[in-house]
1. Label residue A:45 and residue B:88 with points 7 Å out from Cα along Cα→Cβ: what is the distance between them in nm?
2. Per residue of the range B:633-641, what does 6.51 cos²θ - 1.76 cosθ + 1.60 with θ = phi - 60° give for ³J(HN,Hα)? Whole Hz please, x for Gly and Pro, Karplus curve as stated.
3. Could you work out the equivalent-ellipsoid semi-axes for the range A:14-138, taking the square root of 5 times each eigenvalue of the Cα gyration tensor, largest first, in whole Å?
4. Cα convex hull of the range A:4-80: mean projected area in nm², to one decimal?
5. Size of the dipole of the protein assembly as shown about the Cα centre, Lys and Arg at +1 and Asp and Glu at -1 on the beta carbon, nothing else charged, in debye to 20?
6. Under 24 Å Cα-Cα from residue B:438, which lysines qualify once same-chain neighbours fewer than 8 residues away are excluded?
7. Please compute, for peptide A:31-43, the average count of beta-carbon atoms on other protein chains lying within 10 Å of each residue's beta-carbon.
8. Evaluate peptide B:238-246: per residue, the Cβ atoms of other protein chains within 10 Å of its Cβ; return the mean as an integer.
Amino acid sequence: MAKKVMVQSVINGDDTAFLCETRQTLLEVLRDELGMTGTKEGCGNGNCGACNVMLDGVLVNSCLVLAVEAEGRTVTTIEGIAPADGLHPLQQKFLEHAALQCGICTPGFIISSKALLEHNPNPSEHDVRLWLAGNLCRCTGYDKIVRAVLDVASAN
Amino acid sequence: MAVTEKAVRTANGTNGHGNGNGNGHGPATSKPAEGYNVIGSRPVRPDGVDKVTGRAIYGADVRLQGLLYGKVLRSPHAHARILSIDTSKAEALPGVKAVVTGADLPTAADKVEDLGESAINLKYLSANILAHDKALYHGHAIAAVAAVDSHTAEEAIGLIEVQYEVLPPVMTVNDALADNAPILLDNLRTNEMGEMGTKPTNLAQHFRHQRGDMDAGFAAATVIVERNFRTETVHQGYIEPHTGTAQHNIDGQVTIWASTQGTFAVRNQTAEILGIPVSNIKVIPTEIGGGFGGKINVYLEPVAVMLSKKAGGKPVKLVMSRTEVLQATGPTSGSNIRMKIGADANGKITAAHAELYYEAGAFPGSPVGAAANVVLAPYAIDNLQVDGYDIVVNRPRSAAYRAPGGTNAAYATESVLNEIAEKLGLDQAHIRLLNGAKQGDRRPDGVQYTEPVGLLETVQAIAESDHYNTPLTGKYQGRGIACGYWNNWGGKSSATAILNADGTVSLNEASTDIGGSRASIAMQFAEAIGIGYEQVKPRVGDTDSVAYNDVTGGSRTTFSTGMAAYNMGVEMLAQMKERLADIWDVEAVEFAGGSFTGGDNSASFEQAAALIYKTGEPLMVSSTVFPRSFGPGFSTQLADVEVDPETGKVTILRYTIAQDVGRAIHPSYVEGQMQGGVVQGIGWALNEEYIYNEKGQLLNGSLLDYRMPTALDLPMIETILVEVPYPGHPYGVRGVGEVNIVPPVGAIANAIYNATGVRMEEVPMSPARLLAAMGEK
């Protein structure tokens, strides 16, 4: 077995240390080492966005980030965005708008939309579609997803 | 509650400039439909919180103690004889616990297994799991290993040495039917309209449907148009790759965790392929990340079982990479289609002849049979002939993809129909109203629409839509209409319902939930018994929890499993009344407005449940259904496009879909099905195709180059829900999941013609193809 290194990171606000091989991606470590399976693998090479997380506040495809790159940095995943007593507005609106069918792309879309609204609290429909072009959905045709994100933005 | 009259109304669908209630950005109103307490409302789905928080467990998320990780070695060649496989170096690698090849499979019976929307000979299904004597497509599974982690497994498959005798690849219909074409399957003989041939061949079957007098029909035509079309291989494109996790205990009991459209289908196929009694296998459904027909055939599950057995009973998980998904799981058929239609001076179709040549992939069983029912089905035609050809080629074996076979066929029909309309100076909606099928008409194979159907209503809805009545504004803009049909399905469903002492009801069913069906099934139960939706707790169980249940597919789940839910609601209510009559010592008990009354006694539903539990045995009901008839679906769609004459890029400006949905139980999920199918059709029309090199190797096995639509490629998709209730279902339900993917390619081809004057005979109508076609004009 290849040699493992220790990585110290802050994941969803918690100090987290893990062992990993240098060839493992952040996606693989989140899912297989830390048991945080909310972040999904759809393609493994940065083309579908199902693996979106935020690294130091920046939206990334975790399948293209090596786990060792999380050393000394903060990671935000789908497991970490709801408040203690409820749902994040994006989660709530996705449910109300039926913006998910199979739900596999949903964690990626929610993280991606969160990053959008932090960057631009009042996006147009075009802004939303442009930002979300990196997240593939095969079930919904995107209509209800875009509506849900615009609904959350309209409350800002 | 029988529906005796046709009621056509438009449920609260969406329009392009807002939502169903026209109020800016809020979600559409959640009021039930008129005359109902629950049906027609839009409650939050019961599994929703788990899915938006990442808590839901999909196939790849399964974690078990002692889990091993598997990987599959796949053929680099499209067509080759396998001379030898040496696994010794892989077996010797530290961390490797098991290695299997096709030699470890029992000899498969020469018998046909029914998979719901398709059927397959078990010999071929077995060879598709792990190759027998030949590699038949780039990516064909040759061997598999299980190891302590996925990286070791990856290294191990690199150590397996395979000797191949490479053979020339056969990649298309034309290749396969050429004289002296290389033969894929030595034992294959043509089933020529029921007679078995004697010569080796790549043509598995030719069948024909015919009625009327073809010569007279074409002789009576004022205008005849005949065209040849080509469509390319496309994949279902679900975002979740295939997985399979299994544990083969030393006592012979097998457990499979499957992300699948059908737990019982997985169980049956695995039992047949591995020669294990069905009752030894339990299949536990995980959540599923999309299927569209592609997650009915097994690929990894039997391999996981074999590896687990060899590894002394440790559980084994296999997960496909995206490249493996594209290379080696069933896409749908590419096809050559010849379409000839004749019409009189008024535009009435006098005769039609369709020839459908479908590429089945490496083993027989393309959806050409279903295609032959779809092609021309929206139209009333007296003189009609359809010839269907099922052809093997060195591509992955085709699997069902949402209305399998239908999209290709409708593309040809709708294109030719528009050409006829143009020659006669007729409006594209008008020619469809003139020829549209009604109750009493028959589809190509003779099956009759015995109940009211909604084709004409959907054409009318489009013709009256805001979209249709808004003129185009630009030079290279065009508008196209197309119609489509899908037969839908009944199938077998089983379910149980348990009254809990607190007045809630636990509903156990086995229809894996791809798109929100748990909600619509719970809603139908709630409506039938007369309680609120929130009181019903639906669960999707494993193969030990209810009796046999057909796959979630064929647009049957809300219809069939909903019927079982309805039956249980009615039965549970009847039993509760009986029990209360006994407890209260009265003749009769009524239930209305949430209250039971009998004599001077009354109780709410919750109080009644508590009373029943206190005084007697628990209350549980069950229902098994197998509806033999079901309502077909029709859809009419309208596409506005703009073509960039310099790049050939096509932009979808506006898109409206009208569909006969029977009765929309949960309108949001019905709209979602309509929008999802349309967008898959748009991808099919404009960008998606398998690109192979001259050796038959797939060049675009990634989501970068297998180009599916993104949010940036699309406008809002406007939905018009037309309701012509199906009388054979207590709530008038028709399947809604599939017909929506049938018209889009035809609608967009017609719109591109309208924009450019170019009739595209090849799909996808990608920029390079469109530019070339425009240049030739």
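1. 3.5
2. Karplus values, whole Hz, x for Gly and Pro: x, 10, 9, 10, 10, 10, 10, 10, 10.
3. 24, 16, 14
4. Averaged projected area of the range A:4-80's Cα convex hull equals 4.2 nm².
5. My answer is approximately 760 debye.
6. Excluding near neighbours in sequence, the set is B:6, B:340, B:348.
7. Average per residue, whole number: 5.
8. Values: counts 6, 18, 9, 6, 0, 0, 0, 0, 0.
Mean shielding by partner chains, rounded to a whole number: 4.
No value in this document is a laboratory result; all are computed from the given coordinates. Small disclaimer: the values here were computed from a predicted structure and weren't measured. Glycine gets a Cβ as well: all are built from the backbone with ideal geometry, and neighbour counts include every protein chain shown.
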